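Peer 1: Just dropping this structure here.
The values are calculated or read from the model by the stated rules, or taken from the named source; none is laboratory data. Nothing here was measured: the structure is a model prediction, and the numbers come from that model. Here the Cβ positions follow ideal geometry from the backbone for every residue, glycine too, while neighbour counts run over all protein chains shown. Surface areas here come from the heavy atoms of the whole protein model, side chains and all, with no ligands, DNA or RNA. Shrake-Rupley method; radii C 1.70, N 1.55, O 1.52, S 1.80 Å.
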Amino acid sequence: MRRELLVRLLVLLAALAAVLALVAGYARHAVVDSGQFANRATTALEAPAVRALISARVADEVLAQEPDLIAVRPVIESVAGGVIGSGAITGIFRSAVRDVHRALIDRDQDTLTLTLRDVGVVLAGAVQAVRPELADDLRRAEDVSLLTRDAGPVAGDAVRAADRIRLLAWLLLAVAVASVAGALALSRDRRATTVALGGAVAVA
């Protein structure tokens, strides 16, 4: 009787540990992996409100560098809105987000700046055919800072601590494998135990 009870407990432990290992593995993949984080952030560019906000910010930054263009701000904002979501800006944005994420996790930085590089060149290319004189001025604009924030030590430590989830995932997986091995070794009916393991994992 005790043997059967122990087998059942091991089956439940194996199922729970397996599910938690999968959750921990996904959490690390989704939160800690800079490339995946950047890919998800880039999908935000599909939202019109986000494009409008970034376009306004780009115009502000360009005009701060080239104040003589203040009269054509609507044009700059319109052009920026048109190229945001294009392959050029998407690549720049993804790289910028990836760099910020890595700075937070890998380089122990709590003050973060999201910078789009070579935006002036991209905007100039977009208006070259119709406004060549504007393109020359835009090309002089350099990097654009979209966002500067102090993440704070608590936020920084929390995100960096997420990287330790990798160890947790492996430990949980080891517990699951050991529990499966133990349940099968103690079971008098391994076929029934295998079915129970599958069912327990499915329920979990």
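Peer 1: Give segment 13-38 a look and list any residue that's farther than 30 Å from F93 by Cβ and either out of contact with any helix residue (DSSP H, G or I) (no Cβ under 6 Å at 6 or more places or on another chain) or of a type in the set (D, E, K, R) (or both), or say none. Walk me through it before giving the result.
Peer 2: As a first pass, look at segment 13-38 and keep what is farther than 30 Å from F93 by Cβ: 13-22.
Once the filter is applied, which keeps residues that are farther than 30 Å from F93 by Cβ and either out of contact with any helix residue (DSSP H, G or I) (no Cβ under 6 Å at 6 or more places or on another chain) or of a type in the set (D, E, K, R) (or both), segment 13-38 yields L16, V19, L22.
Peer 1: Related question: Of the conditions (1) hydrophobic (A, V, I, L, M, F, W, C); (2) at pLDDT 80 or above; (3) in a loop (DSSP other than H, G, I, E, B), L171 satisfies every one except a single condition; which number is it?
Peer 2: With respect to (1) hydrophobic (A, V, I, L, M, F, W, C); (2) at pLDDT 80 or above; (3) in a loop (DSSP other than H, G, I, E, B), L171 is out only on (3).
To keep it simple, each residue is scored yes or no on (1) in contact with a Leu (Cβ under 8 Å, 6 or more places away or on another chain); (2) at pLDDT 85 or above.
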{"site": "L6", "(1), (2)": "yes, no"}
{"site": "V32", "(1), (2)": "no, no"}
{"site": "T43", "(1), (2)": "no, yes"}
{"site": "A49", "(1), (2)": "no, yes"}
{"site": "A88", "(1), (2)": "no, no"}
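Peer 1: Right, next: If I ask for residues that are of a type in the set (D, E) and over 28 Å from V97 (Cα atoms), which ones from segment 1-48 would you list?
Peer 2: Scanning segment 1-48 gives a single hit, E4.
Peer 1: Filtering segment 132-149 down to residues that are part of a helix (DSSP H, G or I) and of a type in the set (K, R), which residue is least open to solvent (accessible area, probe 1.4 Å)? Walk me through it before giving the result.
Peer 2: So in segment 132-149, the residues part of a helix (DSSP H, G or I) come out as 132-140.
Subsequent filtering for residues that are of a type in the set (K, R) retains 139-140.
Working: R139: 100, R140: 129 Å².
Selected residue: R139.
Peer 1: Would you mind telling me which numbered condition in (1) more than 19 Å from the chain's Cα centre (by Cα); (2) within 12 Å of V119 (Cα to Cα) G91 fails?
Peer 2: (1)
Peer 1: Still on this structure, I have one more. Hey, can you tell me all the residues within segment 176-202 that are buried (at least 19 other Cβ atoms within 10 Å of the Cβ) and of a type in the set (V, I, T)? Write out each step before concluding.
Peer 2: To start, the set of residues in segment 176-202 that are buried (at least 19 other Cβ atoms within 10 Å of the Cβ) comprises 176, 179-180, 183, 187, 193, 196-197, 200.
V180, T193, listed by residue number.
Peer 1: Exactly one condition in (1) open to solvent by 30 Å² or more (accessible area, probe 1.4 Å); (2) at pLDDT 85 or above is false for A59; which is it?
Peer 2: Among (1) open to solvent by 30 Å² or more (accessible area, probe 1.4 Å); (2) at pLDDT 85 or above, A59 violates only (1).
Peer 1: Could you list all residues from segment 17-76 that are in a helix (DSSP H, G or I), touching a residue at least 12 places away in the same chain (Cβ under 8 Å) and over 27 Å from the mean Cα position of the chain (by Cα)?
Peer 2: V62, L63, Q65, D68, L69, V72, R73, V75, I76
Peer 1: What about A129, is it without any contact (Cβ under 8 Å) to a residue 24 or more places away in the chain and crowded, with 21+ Cβ neighbours inside 10 Å? Lay out the reasoning, then the answer.
Peer 2: On the way: without any contact (Cβ under 8 Å) to a residue 24 or more places away in the chain: yes; crowded, with 21+ Cβ neighbours inside 10 Å: no.
Judged against the criteria, A129 is not a match.
Peer 1: Checking the structure you have, find out if any residue of segment 39-47 is of a type in the set (D, E, K, R) and under 29 Å from D137 (Cα atoms). Before you say what the answer is, go through the steps one by one.
Peer 2: Kept after step one, since they are of a type in the set (D, E, K, R), are these residues of segment 39-47: 40, 46.
From the residues that got through so far, the ones that are under 29 Å from D137 (Cα atoms) too are 46.
Among the residues of segment 39-47, at least one is of a type in the set (D, E, K, R) and under 29 Å from D137 (Cα atoms), which makes the answer yes.
Yes/no matrix, rows are residues, columns are (1) over 27 Å from L134 (Cα atoms); (2) out of contact with any Asp or Glu (no Cβ under 8 Å at 6 or more places or on another chain):
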position	(1), (2)
L9	yes, yes
R28	yes, no
Q36	yes, yes
R57	no, yes
T90	no, yes
I105	yes, no
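Peer 1: Okay, next question. Mind telling me which of the residues V100, V50, V19 ends up being open to solvent by less than 70 Å² (accessible area, probe 1.4 Å) and touching a strand residue (DSSP E or B) at 6+ places or on another chain (Cβ under 6 Å)? First the steps, then the outcome.
Peer 2: On the way: V50 fails: touching a strand residue (DSSP E or B) at 6+ places or on another chain (Cβ under 6 Å); V19 fails: touching a strand residue (DSSP E or B) at 6+ places or on another chain (Cβ under 6 Å).
Among V100, V50, V19, only V100 is open to solvent by less than 70 Å² (accessible area, probe 1.4 Å) and touching a strand residue (DSSP E or B) at 6+ places or on another chain (Cβ under 6 Å).
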